[in-house]
1. Restricting the stretch 61-101 to residues that are among the hydroxyl-bearing types (Ser, Thr, Tyr) and open to solvent by 20 Å² or more (accessible area, probe 1.4 Å), which is nearest to the chain's Cα centre (by Cα)?
2. Where in the stretch 157-263 are the helices (runs of 4 or more DSSP H), entirely inside, with at least 2 residues that are out of contact with any His (no Cβ under 9 Å at 6 or more places or on another chain) and charged (D, E, K, R)?
3. So if I check each of Glu489, Glu441, which one is surrounded by fewer than 17 Cβ atoms within 10 Å (Cβ to Cβ), on the phi < 0 side of the Ramachandran plot and at pLDDT 85 or above?
4. What are the residues in the stretch 524-549 that are out of contact with any Phe, Trp or Tyr (no Cβ under 8 Å at 6 or more places or on another chain) and open to solvent by 70 Å² or more (accessible area, probe 1.4 Å), if any?
5. Return a yes/no flag: does the stretch 265-281 have any residue that is under 57 Å from the mean Cα position of the chain (by Cα), outside any helix (DSSP H, G or I) and surrounded by 13 or more Cβ atoms within 10 Å (Cβ to Cβ).
6. Only residues that are at pLDDT below 80, in a helix (DSSP H, G or I) and open to solvent by 70 Å² or more (accessible area, probe 1.4 Å): list them for the stretch 282-305, please.
7. Determine the pairs where a residue that is under 22 Å from Asn509 (Cα atoms) and free of Cβ contacts under 8 Å to residues at least 40 places away in the same chain, located within the stretch 548-574, has a partner that is open to solvent by 90 Å² or more (accessible area, probe 1.4 Å) and of a type in the set (D, E, K, R) with Cβ atoms under 7 Å apart, the partner being 6 or more residues away or on another chain.
Amino acid sequence: MKRCYVVITCLCALLLYGCGQRYDAVLTDIDSLIDVNADSALVQLRKMDCPSSRSDRMYYYLLLADAANKCYDTLPSDSIMHLVTDFYDAHGTANEQVRAHYLLGCVYRDLGEAPHALDCFHDAVMCADTTAADCDFRTLSRVHSQTAALLGEQLLPRQQLEELHLQYANAMRAKDTLCALNAKEQMSTTYEIMEMYDSATIICKDVIESYQIYGDSTSAAICCGRMVSPLINLQRCEEAPLFLDKYETQTDLFDSLGNIERGREIYYGIKGRYFLGINRYDSAEYYFRKELLSTHDLNNRESAYRGLHMLYKQNSQRDSMTKYAELSYETTDAHFREKETDELRHMQSLYNYSRNQSIARQKTAEANHNRLMIIILLFVLVFVLTTSIFAFLYFRRRKQAQIREQQLKYRHHIEKMEQALDDLHKVKQIKDEQATILIQEKTDYIEQLQQRLEEYETLNERESNTLERTIIKSNVYQRFLYLSQHPREGVTRSDWEALQMMFEDHLPNFHSTIYHYCPNLSNSDYRLCMLVRLYFSPSDIAVLTGMTLANISVKRYRLLDKVFNQKEGSAKDFDKMTRNIK
């Protein structure tokens, strides 16, 4: 039934792919196939072209890595998997992030870079949201399983045991019984390494019973082989035959001659120790020598030599005891040198990892320094910009104050000039010598005033010309010039406010001069004054204000009296006097 389901799923996926279905749908079908038949999923993925869409491409590589990992095949490169993890860190769910970091760790595991792999597995655990109802506890249990294996290789049994407990807990939450029992099997081995033989036997018995409950007699029998060594160490050899018999008769690990499959020869040494424990020396010697002859593995040879040494020690055969003690020592020394070489490789891996970490810290420090420099430069830029604005405003106000001061002095001198001329007119009516002297003094004083007024007028004229050019080039003036030529658009309130603000900036004396004799002047009359000052013709003013030409002419005549206190004159006189305001 299971095979039928796999075939149907494969055919459906191929048909959907052949019909041009979207990549994400095809990849989703393959994703559901990975846990059932990883080989078929890997074949399909490798037949596919790499998708062009970024999200589909990342999903494709994620599935390719997962399928290859389950098939013990070559995984994608670490650079590709880094792109995958970066993508899912930015756009993926918590479960997708766990899966991506786990597979990146598997890539580093296969490259022999244990520190990098452990970092990735730790990141995967940190990404998991264990409070969510859809948390992928199955993948999380595999993360802890791989972490435990790497810690075991680093000879860190206590840390390995912690990870195995986490593997078991997550596997149970995922209802993955096989993974949970595998974790307990590994716990038994770890307890034995830690010489906690009681704990090892208790857990191993529990695992055997669990396998039997679930009907997996083969796995139960294989697990029986784990029970023998801790029982021997506890000197409970009488319990061992039951487990030895199940291990040898209920598994397919032995051939018809009783030889165990290659790679498991350490079992001969365990069985030899069992026979040594029950004082069956001939059988013990047979299995020790069988272990010695069946493999060249240093670990097995060391076990065999140590067993023979213990055997001859009990038999009091000093020559043989000494011989195998020396061989055991030499093998242990060779084994130590081999482990030392592995340790050097491990140290080199750690050195490379530390070097990479150091480079990463250096790059981080450089990035922080650059970020700090950018912040400082931005602060300096803001400071300079703010200072420039305040300086501009300060000097503009100062310039405006100087202009107003000059205008006040100019008016003061005009008043003095008018008073001096009036005094001169009165003195000329007196006919005596003293009057002649006074006339001469007043005449000289008037000449001095005229000279000062000419200087002011020259300065004012030069500044006035500069000011007029500035006003003509301004956006506000150009806006009103445009509106005077396009009557349908109309002048808005914001346009009048901008015009008034321009007068306050460039002609600060204009407002005070206009309102001097007429404080209650209306807004419409003041707007008329501003337009006259800017040399707009009556027809342009009519377009901008919406008044008739006749009304504009009357208003200009009346404003001559209101603003300048001139009862005689024409509208053109009002224009002239308004435009003379500097």
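1. Thr93
2. 157-173, 177-193, 197-213, 240-249
3. On inspection, the qualifying residue turns out to be Glu489.
4. Passing the criteria: Tyr535, Thr548, Leu549.
5. Yes.
6. Scanning the stretch 282-305 gives a single hit, Asn299.
7. Note: pairs meeting the criteria are Asp561/Lys567.
Rundown of residues vs (1) outside any helix (DSSP H, G or I); (2) free of Cβ contacts under 8 Å to residues at least 12 places away in the same chain; (3) open to solvent by 50 Å² or more (accessible area, probe 1.4 Å), yes/no style:
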{"site": "Gly105", "(1), (2), (3)": "no, no, no"}
{"site": "Met126", "(1), (2), (3)": "no, yes, yes"}
{"site": "Ala132", "(1), (2), (3)": "yes, no, no"}
{"site": "Cys135", "(1), (2), (3)": "yes, no, no"}
{"site": "Ser145", "(1), (2), (3)": "no, no, no"}
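The values are calculated or read from the model by the stated rules, or taken from the named source; none is laboratory data. Everything numeric in this text was worked out from a predicted model, so none of it was measured. Ideal geometry is used to build each Cβ from the backbone, glycine not excepted, and the neighbour counts take in all protein chains shown. Each accessible area value is taken on the protein alone, full model and side chains, heavy atoms only, with ligands, DNA and RNA left out. Shrake-Rupley method; radii C 1.70, N 1.55, O 1.52, S 1.80 Å.
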